[in-house]
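These notes are about the structure you will find just below.
The values are calculated or read from the model by the stated rules, or taken from the named source; none is laboratory data. In this text, all values refer to a predicted model and were calculated from it rather than measured experimentally. In this analysis, Cβ positions are derived from the backbone assuming ideal geometry, glycine residues included, and neighbour counts consider all displayed protein chains. Protein only, heavy atoms only, side chains kept; ligands, DNA and RNA dropped before computing areas. Shrake-Rupley method; radii C 1.70, N 1.55, O 1.52, S 1.80 Å.
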Amino acid sequence: LLHSLCRDALFLKNHGIIDYSLLLGIHYREGPPEAANFSHLQDEEESVDSESGDFLVNLSDLSHQGEDTGVDSVNGKLVYYFGIIDMLQLYDCNKQSERCFKIFFKCKDPKGLSVQAPKAYCTRFITSITALTT
């Protein structure tokens, strides 16, 4: 799994893309834990709570969609899904200008900025996911 995520990040780096994140999805094989309170949701399949914007989708009906690509938990009660998501921005003149502006006019630490060149962004992403998964 880590190898696949690193390979995907290197692909994005080689194409000059930044602004991506790791999404972790957790599927409960036997339904959500009893402590979870979803009473504000009316429809079992799909529902939106208009006040909070929470969105719940019942994944149990997706078994016909083909091969399950999730990772089982040790006890087998959970399935974890991982994916790279977000804006997928090119590191173009606008992003380079944004970085320079933040460094020189706002006196921000270059290492702490979210706007990084693709190589630095990829390195930071791989370092972070490696630290989280090992």
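Of all residues in the stretch 1-12, those that are free of Cβ contacts under 8 Å to residues at least 12 places away in the same chain and within 17 Å of G70 (Cα to Cα) have Cβ atoms under 9 Å from Cβ atoms of residues that are hydrophobic (A, V, I, L, M, F, W, C) and open to solvent by 50 Å² or more (accessible area, probe 1.4 Å), 6 or more apart or on another chain, in S4/F82. The numbered conditions (1) at pLDDT below 55; (2) assigned to a loop (DSSP other than H, G, I, E, B); (3) open to solvent by 70 Å² or more (accessible area, probe 1.4 Å) are all true for N75 except (1). As a summary of the residue check, G25 satisfies the conditions (1) part of a loop (DSSP other than H, G, I, E, B); (2) at pLDDT 80 or above; (3) not aliphatic (A, V, I, L, M) except for the one numbered (1).
Residues V48, V57: which one is open to solvent by 70 Å² or more (accessible area, probe 1.4 Å) and modelled with pLDDT under 90? Give the steps one after another, and end with the answer.
On the way: V57 fails: open to solvent by 70 Å² or more (accessible area, probe 1.4 Å).
Within the list V48, V57, the selection yields V48.
Residues in the stretch 86-110 that are closer than 17 Å to I17 by Cβ and either open to solvent by 70 Å² or more (accessible area, probe 1.4 Å) or among the charged types (D, E, K, R) (or both): how many?
Here is the first cut: in the stretch 86-110, the residues closer than 17 Å to I17 by Cβ are 86-96, 98-99.
From what's left, either open to solvent by 70 Å² or more (accessible area, probe 1.4 Å) or among the charged types (D, E, K, R) (or both): 86-88, 90, 92-96, 98-99.
Final tally of qualifying residues: 11.
For the stretch 111-127, a tally of residues being free of Cβ contacts under 8 Å to residues at least 60 places away in the same chain and open to solvent by 50 Å² or more (accessible area, probe 1.4 Å) returns 5.
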